[in-house]
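Everything on this sheet refers to the single structure shown next.
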């Protein structure tokens with residue numbers, strides 16, 4: 001299987017989607033976008049703010 005290349009913009013949008021979607025999981029967002037969970041986790045390490053929107057819509061810090 002060929003390795004997929006994703007643009008920097010796509011990576012940043014994926015991270016933003018994860019961080020701004022209440023109750024979202026890495027597994028769910030990765031599946032929706034068609035990327036591996038490990039790939040999304042790597043992007044979160046590179047581009048993430050460390051903030052995640054809680055299920056009730058309030059910003060929280062992601063546990064390390």
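The values are calculated or read from the model by the stated rules, or taken from the named source; none is laboratory data. Note that this is a predicted model, so its numbers are computed, not measured. Every residue, glycine as well, gets a Cβ built from its backbone with ideal geometry; the counts of neighbours run over all protein chains shown.
What's the total number of residues in the stretch 6-25 that are in contact with a helix residue (DSSP H, G or I) (Cβ under 7 Å, 6 or more places away or on another chain), in a helix (DSSP H, G or I) and buried (at least 16 other Cβ atoms within 10 Å of the Cβ)?
4
Inside the stretch 30-52, can you point out the residues that are surrounded by fewer than 14 Cβ atoms within 10 Å (Cβ to Cβ), in contact (Cβ under 8 Å) with a residue 24 or more places away in the chain and in a helix (DSSP H, G or I)?
Once the filter is applied, which keeps residues that are surrounded by fewer than 14 Cβ atoms within 10 Å (Cβ to Cβ), in contact (Cβ under 8 Å) with a residue 24 or more places away in the chain and in a helix (DSSP H, G or I), the stretch 30-52 yields only 46.
Which of the numbered conditions does residue 50 fail, given that it passes all the others? Conditions: (1) touching a strand residue (DSSP E or B) at 6+ places or on another chain (Cβ under 7 Å); (2) modelled with pLDDT under 95; (3) at negative phi.
Every listed condition holds for residue 50 apart from (3).
Which condition breaks for residue 18 when tested against (1) at pLDDT 95 or above; (2) out of contact with any strand residue (DSSP E or B) (no Cβ under 8 Å at 6 or more places or on another chain)?
(2)
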